[in-house]
1. What spacing in nm lies between the two simple spin-label points modelled at residue B:205 and residue A:129, each 7 Å away from Cα in the Cβ direction?
2. What FRET efficiency comes out for residue B:25 versus residue A:80 if R0 is 22 angstrom and r is the Cβ-Cβ distance? Round to the nearest 0.05.
3. Go ahead and set up a Gaussian network model of chain A, Cα springs under 10 Å, then flag whichever of A:173, A:125, A:191 fluctuates most.
4. If you count, for every residue in B:285-293, the Cβ atoms of partner chains within 10 Å of its Cβ, what is the mean?
5. Between residue B:76 and residue A:266, what is the label-to-label distance in nm when each label sits 7 Å out along the Cα-to-Cβ direction?
6. If you average the alpha carbon positions of segment B:132-154 and of segment B:257-292, how far apart do those two centres end up, in angstrom?
7. Name the residues of segment B:182-215 whose amide N is less than 17 Å from a point 7 angstrom out from the Cα of residue B:262 along the C-beta direction?
8. Could you tell me whether the protein assembly as shown comes out rounded, prolate or oblate from its Cα gyration tensor? Rule is a ≥ b ≥ c as square roots of the eigenvalues, rounded for a/c under 1.5, then prolate if a/b exceeds b/c, otherwise oblate.
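Please treat every number below as a calculation from the coordinates, not as lab data. Small disclaimer: the values here were computed from a predicted structure and weren't measured. We place every Cβ from the backbone using ideal geometry, glycine too, and count neighbours over all the protein chains shown.
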């Protein structure tokens, strides 16, 4: 055996090949992540708005809670369909493992679904309005905020707690996706306020969206800085296109439009652009390990 | 693919079986996964020690594994860059012998042969010609990590440590979420296309329970794959490293037999003579769970900052 003498001028074996295997997660997971963000984000922003300024936002949240529930159904559908064996979805509920962000997330979504359903029912059912109903609603949305926030938070941690390229080094991925979730929620609230004709609520949400988008861009910058080496390995043209769609059209253009003034049609367009940008960013994040391995 | 292989997909698994004498029922399917058995009493920890210096690449381990576990063939296609024809570990290849062909990239350094000077190759000359290259061979398998990221990730509890401290996937519980695949730093686990579930080496759990040696170790003709209690294997492996060092192979070392700052010991560890990356192993494996709490903390901070900003705007906003 001549171990040392051979190493210099010989091939590197498997050194150039990726060690890890990317999981079987594709566009359906990007949709799942987007619907999760839209549902939990809408519920959280609607709850905070209602608890902070009920006189201004109560008419808007009557649409927001049912919409959050519908989006949650869409999220759960994607979640189930993405499994290798969708008929075994309920196996997720046979254990609770704090060590698994996916297990924590599934339980949080399950608990959140109860509060989202209760909030939607208390909003839609023809129950005579009174102090009792208002207190019940406040109790439901106040407690429901906790599982909603946890259901929003777990997604990013789920990705970053893996061995996949880009995700594994992204310590701020969870922070970014959480911030983005609240941006999505605020954009949806703005859309609902604009479409249902509540200009005062829309005006306040416009300011809120500007601030939230700026904060979200800060977390995005932190995330991108951490994974700059992996980003440099990605296809430049595709990276530019993704950046243009998600950051340019999904954040910078909406910021300009929001600063331009308070016009209903402009605000609606802005909200839609923010939602589309959020989806594109999530799609690129989900695809990253496939592109790098 | 042969019909026998296709038929494997139709074979119902234990957890899918209806109660004896009854028809398949939705209730059974819903409730059965929640039943709990009695955990087996802990046994002495077992594992694999693979000495790559004596592997001859015969792939008997792959064949034995497939035969015992009734795994279908993978098509046997040449990879195009080595004599390896099974490619990688997969849902249907729980053992894979890696062929690392280290030969000079520069043609001039290659030994003269009949194709170069047009003469017939003399067998008498061969022993005197110094070999300019070498084959490294390594029978790869699940590392059965002491603290396994796949087991930590699994949201269904399908992945567990057996009484022999080996990592095992319960096929009737796995729902194919693929989080274990994303978590494994060694790229071992794969989701099968025929049933949608994750599959990997079981360290022949069924054979161990019956006091038998795993099929691959049993079949290995050079004792490259050794099975046994971990403490014995570690002692034996260290002795082999010392022996190799004495014989001039100073590059010999053990991979994964001891814990590092960021990873637990492997219950399937290796004796290597080149850097881990050459064998397709991570140089410094990291358990992704070391970052989890920090990632949660940053997400929570992010959420609170966003909500605080929202509240500030709501209370200080103009309307």
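1. 5.8 nm
2. Computed FRET efficiency for residue B:25 and residue A:80: 0.60.
3. So, out of A:173, A:125, A:191, the one fluctuating most is A:125.
4. Numbers: counts 2, 3, 2, 7, 5, 1, 8, 9, 2.
Averaged over the peptide's residues, the number is 4.
5. With each label point 7 Å from Cα toward Cβ, the separation is 7.1 nm.
6. What the calculation gives is 8 Å, centre to centre.
7. B:183-187
8. Details: a/c = 2.70, a/b = 1.82, b/c = 1.48.
Verdict is prolate for the protein assembly as shown.
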